[in-house]
1. Whose amide H sits under 5 Å from the amide H of Gly94, counting only residues 5 or more places off or on another chain, with H placed in the peptide plane?
2. If you stretched the chain out fully between Val51 and Arg173, how much longer would it get, using 0.36 nm times the residue separation minus the C-alpha to C-alpha distance?
3. Taking θ as phi - 60°, what are the ³J(HN,Hα) couplings along segment 99-111 by the Karplus curve (6.51, -1.76, 1.60), each to the nearest whole Hz, with x for Gly and Pro?
4. Within segment 201-306, how many Lys pairs that are eight or more residues apart, or on different chains, come under 28 Å at the alpha-carbon?
5. In whole Hz, what ³J(HN,Hα) sequence does segment 399-405 give by Karplus (6.51, -1.76, 1.60; θ = phi - 60°), x for Gly and Pro?
6. So for the pair Lys31, Glu329, with labels modelled 7 Å out along Cα→Cβ, what separation do we get in nm?
7. Normalised by the number of residues in segment 274-326, what is the relative contact order in percent for Cα pairs under 8 Å and 6+ residues apart?
8. Under 21 Å Cα to Cα from Lys392, which lysines show up? Leave out anything in the same chain fewer than 8 places away.
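Values in this text are rule-based calculations from the coordinates and carry no lab data. Please read these numbers as outputs of a predicted model, since none were measured by experiment. Glycine also receives a Cβ, built like all others from the backbone with ideal geometry; neighbour counts cover every protein chain displayed.
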Amino acid sequence: MATDNRQMWAELGIDLKKHDMLMNALPPIYKDIYLSQKNRPKGMGFFDFVVGDIHGIRVQELRQHAKNGTTVVATYCVFVPDEIVLAADAIPVGLCAGTQFSVPIAEEVLPRNTCALIKSSFGFKLGRICPYVQTSHLIVGETTCDGKKKMFEILAEYHPVYIMEVPNKKTQRSRDLWRGEVAAFQEVIEKQTGNEITADKLSKATRLVNDRRRALQRLYNTRKANPVPISGKDALLVTQVAFYDDISRCIKQVNALCDEVEKRVAKGEGVFPAKTPRVLISGSPMAIPNWKLHHILETAGAAVVCEESCTGTRMFSDLVPETGGPVEEQIKAIADRYMQIHCACFTPNEERLDDIVRLAREYKVDGVVHYNLQFCHTYANEAVKVEKALEKEGIPLLRVETDYSDEDAGQLRTRVDAFLEMIRR
Ligand code: SF4
Ligand code: SF4
């Protein structure tokens, strides 16, 4: 199998030397961060396997699909509608953008003062170390933030890229623009795949993507229990894997995990003692394998019980109405659902503040940690409003600005310790 993988990576144009370095670095990190946890649900075994074979079986599957004529569409942001990709019999795959390893590679081209997520994703392509990028026929970007928008222009010199224009306001004019963008995306995908998106196919794809959302909602609901039945690290990993695993398999595995953790809730069993301080993380997304803040918090004695993030509730909170009807009507319903993602790229974005307060109450948290990737200006500026909103509600907040490196880990631990001391019951 390992030999097969090496041959596959070579055929994909992977830089094997750099890739070996990345693959050798991951297992000890995973062992330290994940496998060292106590009392994990058995259902996490599947997700451990997926990470353990991160560039193996799933890439082989995608390659086989591609050889059979299926289009692979790579994405970075929760604004790109998977429903449309699936309805054209193509496969959407969320790309990794969460490792420090690819950051210095990107810095050979991109300015250093760019957020780590952008640099990490670009470095994967520039360094030829991501087999998912190499397998994909098209990368779909968006105009959510200036850094990404301009990075995609450069990325287009290396790989086919299509950009969706996400508006910055939530007015009716902006909604109309976005509906037009989603309809244009339908045409692009139909052309790319050569497959027509019919009303029936779109309804089925909508149900499927909703099923994944429902499974993740179910998992998150168990995290409202005290004691919490699953660690924040494990729940984050499930969401991260959901971005790129086969959607039907993922739904099955998440639901099987939910069966198990719901039983834990019924029995009052948890992974941490009931008195453990409960924390909500809100802010920039945490792409795989970015587990830094969760690890610091949970090894310092907190339980992360929810993420208000695109690798959290923003990914799955709202469903697309499953009303069926003509393709045009379904496209509008899909577009309208995606406009309910309260990304900091919008102005104003009061709905996100309401969400944070509501989630803090629903998950009965003792405090919120606002997570900001360094150089992510939208979330950094919006943190000022988050702070005010939480202060009004009497909910303690810790603002964290960091990147993917470990340089500030000691300093972060000190700040996290002080925060937990303050909110401990
Ligand atoms: S934070 Fe905004 S730009 Fe980033 S993934 Fe989420 S919706 Fe997309
Ligand atoms: S974290 Fe911020 S700066 Fe980075 S890609 Fe997302 S919105 Fe852009």
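1. Thr75, Tyr244
2. Numbers: separation 122, 0.36 × 122 = 43.92 nm, distance 4.25 nm.
Gain on stretching Val51 to Arg173: 39.7 nm.
3. So the J values, rounded to whole Hz, are 10, 5, 3, 8, 5, x, 5, 5, 5, 5, 10, 7, x.
4. 19
5. Values, residue by residue: 9, 10, 10, 8, 10, 8, 6 Hz.
6. 5.8
7. Worked out over segment 274-326, it gives 41 percent.
8. Within the straight-line cut-off, Lys392 pairs with Lys364.
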